[in-house]
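Quick notes on the structure that follows.
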Amino acid sequence: EAKKRGKNCYHIYSSAIACEASRKLRVERALHDMTLDTELKLQFQPIFCRDGKVLRGFEALVRWQSPELGFVSPAEFIPIAEECAKINVLGQWVFREALSFMSEHNCEGLFMSVNVSPLQLQSGMFVPWLKQLFAQYDVSPQQFKIELTESAMMMVEDSLIEPLEQLHELGFGIYIDDFGTGFSSLARLSVLPVDGLKIDRAFIDGIECAGSARQLIEAICAIAKSFDLEVTAEGIETPEQLAVLGVLHCQQSQGYLMSKPLKRQAAAELLIQTYGRPYLELVTQ
Ligand code: C2E
Ligand code: MG
Ligand code: MG
Ligand code: MG
């Protein structure tokens, strides 16, 4: 009897793996056939100052509507795009689109944060390509932040230092995304040209109550302060969470409480609300 059950378990297990593998294969194939301009869209999640009131910038987040698979989350397809080298053209599309938004809406004083895969940086082509792209627009790299996940930052060791330093020299801000979920050594934090941290949503959960979650975020903010790093808190969903961050070393806030990621048009409308008529005229011209 036990033997029989064991065999069943094995079947369930192996068919789950097979199912996952075939999904991955389908995503890979759909990525391969993708036409960037029709299947991808960029959304823009507003980022506010610490009290959640003043708009400071946006994070660009890619959305994929595949003709075969329907909506696929970036959390699923970005790692697959990294494996099949599609990440380079995809990442270029994202940057072009984000830059065109900034240029179209004359977002002076606001920043745009773009997620970049370490593989893009390692390709050696990315930095020269970016330099040439920005030469075509009237927007300064100073208005752009590059977000690299903490695990990426630490994993690839020294191959990232040179491209990161080049980007920094061009004026781009460098941010560690999902901070706290990887294994950064504090020693490396001081070696890399890093301007800020984005604290992962997982660390925001529970900070409204006194306890270990609160202590942890206080500690992270204190470390950031001592390294002179800017802090953005991600995934803020309640006013209580926002209030806690207000008394810590945390300059920016981002989360569903203030705004979900917005379509291009809705982000443009937010700019109109924020800055009034001059932007309305720009947008409707
Ligand atoms: P991320 O860079 O850490 O982005 C934050 C994610 O949290 C986004 O998910 C955003 O929609 C979500 N989020 C923001 N506020 C809240 C909140 O209050 N509550 C909850 N529950 N979620 C919130 P999304 O858009 O699904 O992106 C997932 C990840 O995919 C991103 O995490 C990023 O690592 C990656 N990604 C997205 N776009 C790009 C891209 O253009 N290039 C690269 N390389 N990676 C990207
Ligand atoms: Mg990010
Ligand atoms: Mg993040
Ligand atoms: Mg994340």
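The values are calculated or read from the model by the stated rules, or taken from the named source; none is laboratory data. Predicted model only: the values in this text are computed from it and were never measured. So basically every Cβ, Gly included, is an ideal-geometry build from the backbone, and we count neighbours across all protein chains shown. Quick note on the areas: whole protein, heavy atoms, side chains included, nothing else; ligands and nucleic acids left out. Shrake-Rupley method; radii C 1.70, N 1.55, O 1.52, S 1.80 Å.
Farthest toward the positive end of the dipole of region 23-80, out of PHE48, VAL72, HIS32, is the Cα of PHE48, where the dipole comes from beta carbon charges about the Cα centre. Add +1 for every Lys or Arg and -1 for every Asp or Glu among the other residues with Cβ under 12 Å from the Cβ of PHE111, and state the total. Summing Lys and Arg as +1 and Asp and Glu as -1 gives -3.
Hydrophobic, long helices, defined as DSSP H runs whose alpha-carbon span along the helix axis is 20 Å or greater and whose mean Kyte-Doolittle value is at least 0.5, occur in the chain at 212-226. Ranking ARG264, ARG96 by solvent-accessible area of protein heavy atoms (1.4 Å probe, all protein chains present), from largest to smallest, gives ARG96, ARG264.
Normalised radius of gyration (Cα atoms, divided by 2.2 N^0.38 Å) for region 172-222: 1.23.
For region 8-133, would you read off the P(r) tail past 21 Å as a percentage of all alpha carbon pairs?
Details: 3974 of 7875 pairs.
Across region 8-133, Cα pairs with separations above 21 Å total 50 percent.
By a 1.4 Å probe calculation restricted to protein chains, ARG201 has an accessible surface near 140 Å², given to the nearest 10. Shown here are the Rg and Dmax of the Cα trace of region 70-181, at 13.9, 40 Å. In terms of its alpha-carbon gyration tensor, region 118-219 comes out prolate; a/c meets the 1.5 threshold, and the first ratio a/b outweighs b/c.
Let me make sure I get this right: for region 221-265, a, b and c are the square roots of the gyration tensor eigenvalues over alpha carbons, sorted descending. Under 1.5 in a/c it's rounded, otherwise prolate if a/b > b/c, else oblate. Which is it? Show your work: numbers first, answer last.
Numbers: a/c = 3.88, a/b = 1.69, b/c = 2.30.
Cα axes put region 221-265 in the oblate bin.
Close amide H pairs (under 5 Å, H built 1.01 Å from N) link VAL72 with TRP64, SER66, residues at least 5 positions away or on another chain. Using a probe of 1.4 Å, the accessible surface attributed to LEU170 totals some 60 Å² when neighbouring protein chains are kept in position. With a 1.4 Å probe and all protein chains left in place, how much of the accessible area of region 38-93 comes from carbon and sulfur atoms, in whole percent? Ligands and nucleic acids excluded, carbon and sulfur reach 55 percent.
Starting from the residue with the highest accessible area, list HIS249, HIS168, HIS105, HIS32 in decreasing order, probe 1.4 Å. Let's see the in-between values first.
Numbers: HIS249 45, HIS168 70, HIS105 5, HIS32 140 Å².
Reading off the accessible areas and sorting them downward yields HIS32, HIS168, HIS249, HIS105.
Accessible surface of SER212, taken over heavy atoms with a 1.4 Å probe and every protein chain present, rounds to 90 Å². Once you divide the Cα radius of gyration of the chain by 2.2 N^0.38 Å, the number left is 1.10. When ASP37, ASP51 are compared by accessible area of protein heavy atoms, the largest-first order is ASP37, ASP51, using a 1.4 Å probe. If you sort the three axes of the alpha carbon gyration tensor as a ≥ b ≥ c, you get a/c of 1.5 or more for region 165-285 and a/b no higher than b/c, which makes it oblate.
Comparing GLN92, GLN132, GLN241 in a Gaussian network model of the chain, where Cα atoms under 10 Å apart are tied by springs, the biggest mean-square fluctuation is seen for GLN132.
How much accessible area per residue does the chain have, counting only protein heavy atoms and a probe of 1.4 Å, in square angstrom? Can you show the working numbers first?
Details: 14690 Å² over 285 residues.
Spelled out: the 1.4 Å probe surface of the chain, per residue, equals 52 Å².
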